[in-house]
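Written out below as structure tokens is the structure these notes cover.
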Amino acid sequence: MKKILLILTLAWGAMAAAYAQFMDDEFTPDMKLRMANAIIERYYVEDVNADTVVEEAIKAMLKTLDPHSAYSNPEETKELNTPLEGKFSGIGIQFNMSTDTVYVIQTISGGPSEKVGIRPGDRIISADDTILAGRKLPNSRVMKALRGDKGSRVRLKVKRSGVPELIDFTVVRDDIPVYSVDASFMVAPEVGYIAVTRFAEETPNEVMKAVQKLKKQGMKRLIIDLNDNGGGYLGAAYGMAELFLPKGTPVLSTRGLNSYPMEYDTEQAGPFQDIPLVVMVNQYSASSSEIFAGAIQDNDRGVIVGRRTFGKGLVQRPFPFPDGSMIRLTTARYYIPSGRCVQKPYEKGHTEEYYLDMLNRLNSGELWSADSVHLDSTQVYHTLRNHRTVYGGGGVMPDVFVPIDTTYFSPYYRDLVAKGSLNTAVLNYVDHNRKTLNKRYRTPEEFLNGFTDTAALEKELIAQGEKDGTPFDEEGWERCRPYVTAALRGLILRDLFEDGAFSQATLMFEPIAREALEIINNPARYNLLLTTGEDEKVRTAAEKPASE
């Protein structure tokens, strides 16, 4: 008993000494945190992983701030930065996990896989010592096996249709571009369409090249699709806005307690400021998407069509650690040209409730009716040129609202997609008909205008669905058939040509796209003027200025 008391006395004595050391100066929160860590490491009943304790402490601290300040470990940081930096090192393929096999949909033109002779339709069985077939691996695990440092080698075993034995390839990994522009094509005579999926380093350059390509095809009016674009680099949104606005036009400003206020005005005349513009947004368009859409709306430069955007008006600055981990800390709020901040309300420390906002929008009916959208009457602002009323405090409200349309999405369609039957049916069809398809159709347009084998493809899909456990539902099939037929054609297009080709077959089933096309072709019908940077008088919505 005396020995136990002696040990406890010594332990408490050591703690008291440590406490006294900290108390030599004013006892600050920083000292308290370091003291807590020291106590845990020295006295906890079991071995302690110091990295885990510190990481969890950082995460807990950030949770008390705002929903967008976050910590990422080295691996997570690398994954977060890859799509924004515009490239990664890998073998250069687009793949699909068909059942339990890595199926090559496309090889990147000029990329490592194409150079050694890997073809669309090939199935990758293994990468070095990692078996990829027959294991139902998640995409992240497959990518980890195929990606690696530039210049490193990976040995692949590949199964090719019509070849009995496996083919061995050695691929030297190289930089693979990650594109922001997912699709660009003529959606109607004189009307171009560009889908931007993220805002990364090269986004402004990609958009510029896409517009130039479309202009050569006769484009005079443009639709930009930011649906589901969650944002990215703030600078990329500024650079993209600068393409369409006159010199000296405000794009955004930032302000924060511990950061210098910044004003971002265009420094040069936009090369495309004379092109009438419609921008598509929805409830998942966030951050940089809202900066671009807000700059277009607040400067009365074009028409915003769709649904109220996400509402992220906070700027995160990265603070990297030497081990590759990183804190992304909110350091400022951004404000679009009218002076409004699009950040939706949040309560510190209640991240879960913040992200329930989408469910609340659905339950309130906002996604179905403009009348259900709550606009904060205490945050009234006006556009810069026409003085139209706009609202802050929760996303960018479009000039023209478009509700969700679920006409084609029956439970039968949901099950065909969820069980992978749609993709599998197309992969099987293309696998058996690739040579014929490649010979017959040289461009996406040739395929869309000439493909007539729809009935056989539908039959294959229904059979694949039953094989995957989805019984045929005639009523559900008739409801979803128009869209499914288009999706089947789109998936073939993506397999034969490029990823963005899918949109050429399915775009007009998107109600926001239909409305955007109607507006850009018939602005007077909506009492909207599609304006340009050179117009003296700009009006982009039916509402008149309050002074009139």
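Residue by residue through the range 309-336, note down the ones that are out of contact with any helix residue (DSSP H, G or I) (no Cβ under 8 Å at 6 or more places or on another chain) and either assigned to a loop (DSSP other than H, G, I, E, B) or among the hydrophobic types (A, V, I, L, M, F, W, C) (or both).
Within the range 309-336, Leu314, Phe319, Phe321, Pro322, Ala332 meet the criteria.
List every residue pair whose Cβ atoms lie under 6 Å apart, where the two residues are 6 or more positions apart in sequence or sit on different chains, the first residue falls within the range 233-246 and is free of Cβ contacts under 8 Å to residues at least 40 places away in the same chain, and the second residue, located anywhere, is outside any helix (DSSP H, G or I).
Listed by first residue and then by second, the contacts come to Glu242/Thr266; Glu242/Gly270; Leu243/Gly270; Leu243/Phe272.
Considering only residues that are β-branched (Val, Ile, Thr) and either in contact (Cβ under 8 Å) with a residue 60 or more places away in the chain or in contact with a helix residue (DSSP H, G or I) (Cβ under 8 Å, 6 or more places away or on another chain) (or both), which ones fall in the range 125-175?
Result: Thr130, Val154, Thr170, Val171, Val172.
Regarding the range 454-468, can at least one residue be identified that is more than 30 Å from Ser184 (Cβ to Cβ), touching a residue at least 12 places away in the same chain (Cβ under 8 Å) and touching an Asp or Glu at 6+ places or on another chain (Cβ under 9 Å)?
Within the range 454-468 (the criterion being more than 30 Å from Ser184 (Cβ to Cβ), touching a residue at least 12 places away in the same chain (Cβ under 8 Å) and touching an Asp or Glu at 6+ places or on another chain (Cβ under 9 Å)), the answer is yes, since at least one residue qualifies.
Got a sec? Which strands (runs of 3 or more DSSP E) wholly within the range 187-277 have at least 3 residues that are buried (at least 20 other Cβ atoms within 10 Å of the Cβ)?
191-196, 221-225, 250-256
Could you please let me know if Val400 is under 19 Å from Val281 (Cβ atoms) and at pLDDT 90 or above?
yes
Name the single residue that is surrounded by the fewest Cβ atoms within 10 Å (Cβ to Cβ) among those in the range 301-323 being farther than 21 Å from Gly394 by Cβ and not basic (Lys, Arg).
Ranking the candidates gives Pro322 first.
In the range 324-344, is there at least one residue being more than 22 Å from Tyr233 (Cα to Cα) and surrounded by fewer than 14 Cβ atoms within 10 Å (Cβ to Cβ)?
Checked the range 324-344: no residue is more than 22 Å from Tyr233 (Cα to Cα) and surrounded by fewer than 14 Cβ atoms within 10 Å (Cβ to Cβ).
Gln504 passes all but one of (1) out of contact with any strand residue (DSSP E or B) (no Cβ under 8 Å at 6 or more places or on another chain); (2) crowded, with 20+ Cβ neighbours inside 10 Å; (3) among the polar types (S, T, N, Q); which number fails?
Single failed check for Gln504: (1).
Suppose the filter is closer than 22 Å to Asn227 by Cα and not hydroxyl-bearing (Ser, Thr, Tyr); does Ala486 pass it?
yes
What are the residues in the range 86-99 that are at pLDDT below 75 and closer than 15 Å to Ala133 by Cβ, if any?
Listed by number, the residues that qualify are Met97, Ser98, Thr99.
Just to be sure, is Lys247 out of contact with any Lys or Arg (no Cβ under 9 Å at 6 or more places or on another chain) and not β-branched (Val, Ile, Thr)?
yes
Which residue out of Leu257, Leu214, Leu243 is modelled with pLDDT under 95 and over 19 Å from Ala286 (Cβ atoms)?
Leu257
When you check Tyr381 against the structure, is it in contact with a Cys (Cβ under 8 Å, 6 or more places away or on another chain) and surrounded by 16 or more Cβ atoms within 10 Å (Cβ to Cβ), yes or no?
no
Under 6 Å by Cβ, and 6 or more places apart or on different chains, what pairs join a residue from the range 379-401 that is under 21 Å from Lys312 (Cβ atoms) with one that is of a type in the set (Lys, Arg) and surrounded by fewer than 17 Cβ atoms within 10 Å (Cβ to Cβ)?
none
Looking at (1) touching a residue at least 24 places away in the same chain (Cβ under 8 Å); (2) surrounded by 21 or more Cβ atoms within 10 Å (Cβ to Cβ); (3) in contact with a Ser or Thr (Cβ under 8 Å, 6 or more places away or on another chain), can you tell me which one Pro112 breaks?
Looking at each condition in turn, Pro112 falls short on (3).
Yes/no matrix, rows are residues, columns are (1) at pLDDT below 85; (2) under 30 Å from Pro320 (Cβ atoms); (3) among the hydrophobic types (A, V, I, L, M, F, W, C):
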{"residue": "Pro74", "(1), (2), (3)": "no, yes, no"}
{"residue": "Asn81", "(1), (2), (3)": "yes, yes, no"}
{"residue": "Leu84", "(1), (2), (3)": "yes, yes, yes"}
{"residue": "Thr101", "(1), (2), (3)": "yes, no, no"}
{"residue": "Gly111", "(1), (2), (3)": "yes, yes, no"}
{"residue": "Ser126", "(1), (2), (3)": "no, no, no"}
{"residue": "Ile131", "(1), (2), (3)": "no, no, yes"}
{"residue": "Lys150", "(1), (2), (3)": "no, yes, no"}
{"residue": "Arg153", "(1), (2), (3)": "no, yes, no"}
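Taking the conditions exactly as written (over 30 Å from Glu510 (Cβ atoms), buried (at least 18 other Cβ atoms within 10 Å of the Cβ) and either outside the structural domain of Asn433 (by TED's automatic domain parsing) or hydrophobic (A, V, I, L, M, F, W, C) (or both)), does Leu166 satisfy them or not?
Against the criterion (over 30 Å from Glu510 (Cβ atoms), buried (at least 18 other Cβ atoms within 10 Å of the Cβ) and either outside the structural domain of Asn433 (by TED's automatic domain parsing) or hydrophobic (A, V, I, L, M, F, W, C) (or both)), Leu166 does not qualify.
The values are calculated or read from the model by the stated rules, or taken from the named source; none is laboratory data. Here the structure is a predicted model, which is why all the values come from computation and not from measurement. Reconstructed Cβ throughout: ideal geometry from the backbone, glycine too, with neighbour counts over all protein chains shown.
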